[in-house]
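These notes concern the structure reproduced below.
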Amino acid sequence: MSTLPRANQRPELSAFDDGTLAEALRKMHLIRKFEEAAEDCYMRGLIHGTMHLSIGQEASAVGSAIPLAKSDYVLSTHRGHGHCIAKGASPDRMFAEFFGKETGYCNGRGGSMHIADVEGGNLGANGIVGGGLPIAVGVGMSIKAQKLDRVCMVYFGDGANNEGAFHESLNMASIWKLPVVFVCENNNYGMSTSVARSTAVANIADRALAYSMPGDTIDGNDLPLVAATARIAVERARRGEGPSLIECKTYRIRGHSKSDRNLYRTKEEIEAWKAKCPIRRLEGELLNHDRLGSARLAEIEADAAREIAAAIEFAKSSAEPDLAGLTRYVYAE
Amino acid sequence: MPNDVAGADPAAREITYAEAIREALATAMADDPRVILMGEDVGVYGGAFGVSGDLVHRFGVERVIDTPISELGIAGAAVGAAITGMRPVLEIQFSDFITLAMEQIVNQAAKIHFMFGGKANVPMVVRLPGGSGTGAAAQHSQSLEAWFAHVPGLKVVQPSTPHDAKGLLLSAIDDPNPVLIFEHKLLYKTRGIVPTEAFRVPIGKAAVRREGGDATIVATGVMVSRALAAAERLAAEGISTEVIDLRSLRPIDLETIAASVRKTSRLMVVYEGVKTMGIGAEISAMIAESDAFDYLDAPIVRLGAADVPLPYSPKLERAAVPQEEDIFRAAASLVRTGGA
């Protein structure tokens, strides 16, 4: 995957070849457009329920997944559309799930908060803050017991770092040296409560020290940096040396969910973070260093827009679940 | 006991309830490398109640795993292992401690198969030593099984004999769903005939332990032996009771209960959990909604624990849950005066 360092490029960027960067950019666009389309569909009454949009957080989802193979596992959060796309899920079946259709990844039983692409290694988003963390420990035990060449990456937000599940899970992963990578997407707010008001340490990755594992706090909007950091943690996990904690500092441009009126933060703060858009930032850096080129960048974005439009059409035209199937899937046969 | 005989197995012999569980675990672990046992002090200590015993020496620390005291974490670890190809058996040291793990059991284990449209299974077993009678007081003596019987996606069983402790555990390990087994601390040292072979007791099937014509007593867990002892005394007074061991709370074997009620026309439910909003309420309502209701000659009687945390004082502890004497008196009254 890595290429020779090019002049004037920082090592994090030059570590990735054009194909990897183009694919990363494509996925970031897919996520952004998926989220925007989801919001639009909600406004137009095409989908119900709630949603947690990850606009602004695309680099942490996509960058962290770059070192993962298809057979590796991820566990995701309520703000999980990005992780799902980053791990390789297809937007058409995701939208079908969102629309509550039988063709969705979960046959319309899970919806936005419970999308899973088990075949693709995504063991599910989670509606419970910190819910995926202990599960990741078990996945790590399973990988180790079966001697599989796999790792498990578990995403969680800053809010989850104050759940008991976080502390129990980091401790267990560490004492058993499990192949787990803990990725905290710190978007600075657990719903409305800021990290400064909720958390006793300045950086969530500082907590890695208490569990004897490496901890890195990084700029989560810097895709090459996220990918390079994740690669180190994933390789360490693969070598059987145990877990790591990565804290990606980022920001959600939209509110927590549909009920959010942004009473806890200022317009100026939101605007300042919009200017740090991870997608435009990567595009700018690629152009500055003569990677991919502007025509290719435009083509990648246009392709993503077309894929999302087609995904919505697929979801709209798919069948709803049959009422006779109401109690299906409660128990496995 | 009609459903508890060893059958043709010449090697069936008498062992304890705890030994029967250990035998099932050893059998499953020997047969299937995916089976692991995890929990607090299940290794060299041998389990708080001695159930895992020497298993760590037979199967090693990789498969008999001492965990930190992190009930939420280990319940989640069992979920994660189960969805990725293992068959974890989790021991929660005292069933009361499952309260710390409710999130993973109720939100995750019970719902993953459904939420994911059937794309993942959660074949995990949780063993929960429960019940009162050991002087362990309010936080180590509860019977919380009804809580979990309320949750679609879980299966809940309660073995009352060594035979069923083994057979239900082997069925639970085979099952592709999360199964909670509420064992009873007072039963661990009780003895019964258990075949040496790896037999299964089906989940969801009650057992008629004693046949009778005047009243049906449905009992769970440790209440089964108390109901049988009461039935013996009732027989001496000319009252014939049918005793049903529920064995499985979810799924529940309504048909066996209804068939018995159609025969006896009187129903009493005896369970150790708090009476209010408990197993007795559900069984009573199920019978009231069924055709068996027409056969009832008397109001249904429920015997459950008093509305009180389990007290420490031996005298009060004993009074808080149904005893043989309570069952005897209530059943006699039900048959003689319609429960009034």
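The values are calculated or read from the model by the stated rules, or taken from the named source; none is laboratory data. Remember, predicted model here, so these are calculated numbers, not experimental data. Please note: Cβ atoms are built from the backbone with ideal geometry, for glycine as well, and neighbour counts cover all protein chains shown.
Odds and ends about this structure:
- Here B:R210 meets the list (1) within 14 Å of chain A (Cβ to nearest Cβ); (2) over 21 Å from B:F49 (Cβ atoms); (3) touching a Pro at 6+ places or on another chain (Cβ under 9 Å) almost entirely, failing just condition (1).
- Residue check for A:R306: in contact (Cβ under 8 Å) with a residue 12 or more places away in the chain and under 28 Å from A:T250 (Cα atoms): no
- For B:E103, the conditions (1) under 19 Å from A:L133 (Cα atoms); (2) surrounded by fewer than 24 Cβ atoms within 10 Å (Cβ to Cβ); (3) within 21 Å of the chain's Cα centre (by Cα) all hold with the exception of (3).
- Scanning the range B:107-134 for residues that are surrounded by fewer than 22 Cβ atoms within 10 Å (Cβ to Cβ) and more than 8 Å from chain A (Cβ to nearest Cβ) turns up B:G133, B:T134.
- For the range A:98-115, the tally of residues that are within 12 Å of another protein chain (Cβ to nearest Cβ) and within 27 Å of A:A22 (Cβ to Cβ) stands at 2.
- Pairs are defined by a Cβ separation below 7 Å, a sequence spacing of at least 6 or placement on different chains, a first member in the range A:141-160 that is more than 9 Å from chain B (Cβ to nearest Cβ), and a second member that is basic (K, R) and outside any helix (DSSP H, G or I); the pairs so defined are A:G157/A:R79.
- Some residue of the range B:50-66 being within 24 Å of B:I105 (Cβ to Cβ), free of Cβ contacts under 8 Å to residues at least 60 places away in the same chain, assigned by TED's automatic domain parsing to the domain that holds B:Y188 and within 22 Å of the chain's Cα centre (by Cα): yes
- Check on A:L170, out of contact with any Ser or Thr (no Cβ under 9 Å at 6 or more places or on another chain), surrounded by 21 or more Cβ atoms within 10 Å (Cβ to Cβ), modelled with pLDDT of 95 or more and among the hydrophobic types (A, V, I, L, M, F, W, C): yes
- Test for B:A165: is it touching a residue at least 60 places away in the same chain (Cβ under 8 Å) and within 13 Å of the chain's Cα centre (by Cα): yes
- Test for B:K166: is it surrounded by 24 or more Cβ atoms within 10 Å (Cβ to Cβ) and basic (K, R): yes
- Flag for B:V156 being outside any loop (DSSP other than H, G, I, E, B), within 17 Å of A:V330 (Cβ to Cβ) and either β-branched (V, I, T) or within 14 Å of another protein chain (Cβ to nearest Cβ) (or both): yes
- Taking the criterion of being without any contact (Cβ under 8 Å) to a residue 60 or more places away in the chain, assigned to a helix (DSSP H, G or I) and facing chain A (nearest Cβ under 8 Å), the residues of the range B:80-106 that qualify are B:G80, B:A81, B:I83, B:E103, B:Q104.
- Filter result for B:V301 (in contact (Cβ under 8 Å) with a residue 24 or more places away in the chain and farther than 19 Å from B:H184 by Cβ): yes
- Selected residue (criterion: nearest to the other protein chains (Cβ to nearest Cβ)) from residues of the range A:168-218 that are under 24 Å from B:G39 (Cα atoms), more than 21 Å from the chain's Cα centre (by Cα) and not in a loop (DSSP other than H, G, I, E, B): A:E168
- Among the residues making up the range B:20-40, those that are part of a helix (DSSP H, G or I) and under 21 Å from the mean Cα position of the chain (by Cα) are B:A20, B:I21, B:R22, B:E23, B:A24, B:L25, B:A26, B:T27, B:A28.
- If you go through the range B:45-65 and pick out every residue that is under 16 Å from B:L90 (Cα atoms), in contact with a helix residue (DSSP H, G or I) (Cβ under 7 Å, 6 or more places away or on another chain) and more than 14 Å from every other protein chain (Cβ to nearest Cβ), you end up with 6.
- Screening A:I128, A:I47 for residues that are part of a loop (DSSP other than H, G, I, E, B) and at pLDDT below 95 leaves exactly one candidate, A:I47.
- Residue identified as assigned to a helix (DSSP H, G or I) and more than 9 Å from every other protein chain (Cβ to nearest Cβ) among A:A89, A:A69, A:A136, A:A61: A:A61
- Restricting attention to the range B:196-215 and to residues that are more than 12 Å from B:P159 (Cα to Cα) and outside any loop (DSSP other than H, G, I, E, B), the residue that is farthest from the chain's Cα centre (by Cα) turns out to be B:A215.
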